[in-house]
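The values are calculated or read from the model by the stated rules, or taken from the named source; none is laboratory data. These figures come from a predicted structure and were not determined experimentally. Cβ: placed from backbone, ideal geometry, glycine included. Neighbour counts: every protein chain shown.
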Amino acid sequence: MHISTYAYFGLLTLFMFALDVWQTRNGNVTIKKAAIWSLFWVFLAFLFFISLYEFWPVFEPDSAYTPHAAATAFLTGFLLEKSLSVDNLFVFALIFGRFAVPQELRPRVLLWGVIGALILRGIMIAVGAELLNTFHWVLYLFAFFLIWTGYQLTKPEEEEEEQVNSLPERIVRKFFRVSDSYQGTKLFVRDNLGLLATPLVVVVAVISMTDVMFALDSIPAIFAVTQEPFLVLTANVFALLGLRSLYFVLEGMLDKFVYLRPALAFIMIFIGCKMLLIGTPYAIPTMVSLLVLLTTMTIAVIASIIKDKKSNKALDN
């Protein structure tokens with residue numbers, strides 16, 4: 001591991017993050033604007049994918065990966081994290097609805113969510129990589145956890161109230177008085193009795209807890225694709241940076257992706273099985289994983305669109 005590689009990528013991440021903050025600075029994010037920026041973040045990830053082919057020995061000169069293997073692992077990891085992040089957006093939509101978050105504040109809330117996710121995943125990647133280096137059997141724990149998570153996704157969805165974790169809200173209300181209304185982007189205000197938290201603090205707390213739950217799924221999943229920490233980190237960063245723009249593109253269409261959960265369930269179980277087979281003669285190549293991932297998500301999206309059109313026709317008739 002070369003510290004300079006992580007340092008330079010850290011600076012690049014800060015620059016990209018600042019760019020994302022700048023483009024949503026007025027809180028008004030139209031679908032057109034969000035779509036353009038979503039494509040821009042995917043384009044940046046593609047440029048990084050190309051750079052791995054050209055400069056991988058510069059990035060990680062001591063790695064056993066070839067440039068082709070590194071680039072393929074990054075692309076597979078990026079698409080996996082991007083697919084899992086779409087499921088995250090369903091929960092974000094539930095949180096915004098439950099706490100009646102004003103439209104102009106949603107970019108700011110998502111900003112806090114991305115910051116929390118980047119920090120948490122960075123910590124979990126470092127811990128996970130060290131665990132796998134020291135205790136190889138942890139790989140099998142990750143595998144069974146992914147298979148179990150995939151199985152859970154096959155069950156009927158819980159009610160909205162149960163999906164949004166209320167524990168963070170209870171903790172905030174235990175330590176702070178909470179105002180009845182939002183005060184712009186302020187987290188805290190003062191009144192005659194002292195410090196007062198705004199509902200934005202509750203929403204940020206719930207989003208942060210949600211980030212923890214998402215990281216518990218996504219980090220073991222990507223370790224099945226590659227155990228190279230730099231590739232795991234970069235795939236997560238590029239997937240998360242476009243998350244805010246992607247939310248505003250899909251906000252009005254989330255309920256139409258009816259086959260997303262079954263697709264993610266299959267992907268999680270497949271990735272868990274791939275992890276179990278690592279180091280055996282039956283190990284699944286990363287290129288095969290990439291094709292399975294792309295095929296599964298494509299089928300899920302097309303099937304969802306067809307079902308939605310049929311439903312609309314039935315309503316019209």
Going through segment 192-220 one residue at a time, which ones are within 11 Å of the chain's Cα centre (by Cα) and small (Gly, Ala, Ser)? Ala215, Ser218
Please find, within segment 42-64, the residue that is surrounded by the most Cβ atoms within 10 Å (Cβ to Cβ) out of those that are under 19 Å from the mean Cα position of the chain (by Cα) and closer than 17 Å to Val232 by Cα. Ala45
Taking segment 40-51 and the residues there that are touching a residue at least 40 places away in the same chain (Cβ under 8 Å) and of a type in the set (A, V, I, L, M), the one that is nearest to Thr76 (Cα to Cα) would be Ala45
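Name the one entry in Ser83, Ser51 that is at pLDDT 85 or above and assigned to a helix (DSSP H, G or I).
Ser51 is the lone residue from the list that is at pLDDT 85 or above and assigned to a helix (DSSP H, G or I).
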Output for Cβ contacts, cut-off 7 Å, separation at least six or different chains, first residue more than 13 Å from Gly122 (Cα to Cα) in segment 234-246, second part of a loop (DSSP other than H, G, I, E, B), reads Arg244/Thr24
Take Glu228 and tell me if it is modelled with pLDDT under 80 and not hydrophobic (A, V, I, L, M, F, W, C). no
Given (1) polar (S, T, N, Q); (2) in a loop (DSSP other than H, G, I, E, B); (3) surrounded by 18 or more Cβ atoms within 10 Å (Cβ to Cβ), where does Thr296 come up short, assuming only one miss? (2)
Considering segment 222-268, residues that are assigned to a helix (DSSP H, G or I) and more than 18 Å from the chain's Cα centre (by Cα), and then whichever is surrounded by the most Cβ atoms within 10 Å (Cβ to Cβ), we arrive at Lys256
I'd like the residue in segment 118-137 that is at pLDDT 80 or above, of a type in the set (A, V, I, L, M, F, W, C) and buried (at least 16 other Cβ atoms within 10 Å of the Cβ) and, out of all such residues, is farthest from Gly184 (Cα to Cα). Ile125
Total residues in segment 53-90, condition of a type outside the set (Asp, Glu) and in contact (Cβ under 8 Å) with a residue 60 or more places away in the chain: 22
Determine the pairs where a residue that is closer than 27 Å to Phe238 by Cβ, located within segment 122-149, has a partner that is of a type in the set (Gly, Ala, Ser) and modelled with pLDDT of 80 or more with Cβ atoms under 6 Å apart, the partner being 6 or more residues away or on another chain. Ala143/Gly272; Leu146/Ala221; Leu146/Gly272; Ile147/Gly272
On the given criteria, is Arg121 over 23 Å from Thr5 (Cα atoms), of a type in the set (D, E, K, R) and touching a helix residue (DSSP H, G or I) at 6+ places or on another chain (Cβ under 9 Å)? no
Where the second residue is part of a loop (DSSP other than H, G, I, E, B) and modelled with pLDDT of 85 or more and the first is farther than 17 Å from Arg106 by Cα and lies in segment 11-39, which pairs have Cβ atoms under 8 Å and are six or more apart or on separate chains? none
Lone qualifier among Ala34, Ala100, Ala7 - being surrounded by 13 or more Cβ atoms within 10 Å (Cβ to Cβ) and among the small types (Gly, Ala, Ser): Ala34
Over segment 261-274, the set of residues closer than 18 Å to Phe78 by Cβ and either at pLDDT below 80 or aliphatic (A, V, I, L, M) (or both) is Ala263, Leu264, Ile267, Met268, Ile271
Among residues of segment 269-293 being hydroxyl-bearing (Ser, Thr, Tyr) and crowded, with 18+ Cβ neighbours inside 10 Å, the residue nearest to the chain's Cα centre (by Cα) is Ser289
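Is it the case that Thr280 is without any contact (Cβ under 8 Å) to a residue 40 or more places away in the chain, within 28 Å of His68 (Cβ to Cβ), of a type outside the set (A, V, I, L, M, F, W, C) and part of a helix (DSSP H, G or I)?
So Thr280 fails the test.
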Would you say Leu216 is in a helix (DSSP H, G or I), at pLDDT 85 or above and of a type in the set (A, V, I, L, M)? no
Of (1) modelled with pLDDT under 85; (2) assigned to a helix (DSSP H, G or I), Phe78 satisfies every one except (1)
